[in-house]
Amino acid sequence: MLYIGADHRGYKLKEDLRAFLKESGYDFADLGNNIFDPNDDYTDFAKAVAEKVSQNPQNNKGILICGSGVGVDITANKFRGIRSALADDIETARQSREHDDTNVLSLPADEVDFELAKKIISAWLQTPFSNGEKYKRRIDKIE
């Protein structure tokens, strides 16, 4: 299952991406915010997504969006089994899956427009973990 969440600075991008994800055939759950609230906190949505992904970190994935992407990335990485990557380009997203088997993608709404976000997300969701020995060893060290 794919879970998405965003604070007020990522809200518009998240709302735009909902249609893209649906049209692309992805099953997803939107964990908020469900309204534009300039006083919300990114930590609440990062926590909600990270908790869901951490219930089955091998199969669940998450996409988090805030202004810089940094806050949601830091928050998500506090949860057991979560490997979140902050990506503002396609290659970083792809490599985070190939080398680090990331299960959460953090996006910076202030830096990534809708068209680029679609490309980043598509690359991230379609790229498998390489399962290379050195990458598995490194992930084991993280755990």
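The values are calculated or read from the model by the stated rules, or taken from the named source; none is laboratory data. For clarity, every value in this text was computed on a predicted model and none was experimentally measured. Cβ coordinates were reconstructed from backbone atoms using ideal geometry, including for glycine residues, and neighbour counts include every protein chain displayed.
In the set 96, 106, only one residue is in contact with a Cys (Cβ under 9 Å, 6 or more places away or on another chain), of a type in the set (Ser, Thr, Tyr) and modelled with pLDDT of 95 or more; that residue is 106.
Are there any pairs with C-beta distances below 6 angstrom linking a residue in the stretch 87-114 that is among the charged types (D, E, K, R) to a residue that is crowded, with 21+ Cβ neighbours inside 10 Å and in a loop (DSSP other than H, G, I, E, B), with the two at least 6 apart or on different chains, and if so which? Cβ pairs passing all conditions: 88/112.
How about the stretch 1-55: which of its residues are under 22 Å from residue 115 (Cα atoms), among the small types (Gly, Ala, Ser) and touching a Leu at 6+ places or on another chain (Cβ under 9 Å)? Within the stretch 1-55, 5, 6, 10, 24, 29 meet the criteria.
Residues of the stretch 58-95 that are among the β-branched types (Val, Ile, Thr) and surrounded by 15 or more Cβ atoms within 10 Å (Cβ to Cβ): 63, 65, 72, 74, 75, 82, 90, 92. Taking (1) of a type outside the set (D, E, K, R); (2) assigned to a loop (DSSP other than H, G, I, E, B); (3) more than 15 Å from the chain's Cα centre (by Cα); (4) modelled with pLDDT of 95 or more in turn, residue 131 satisfies each apart from (4).
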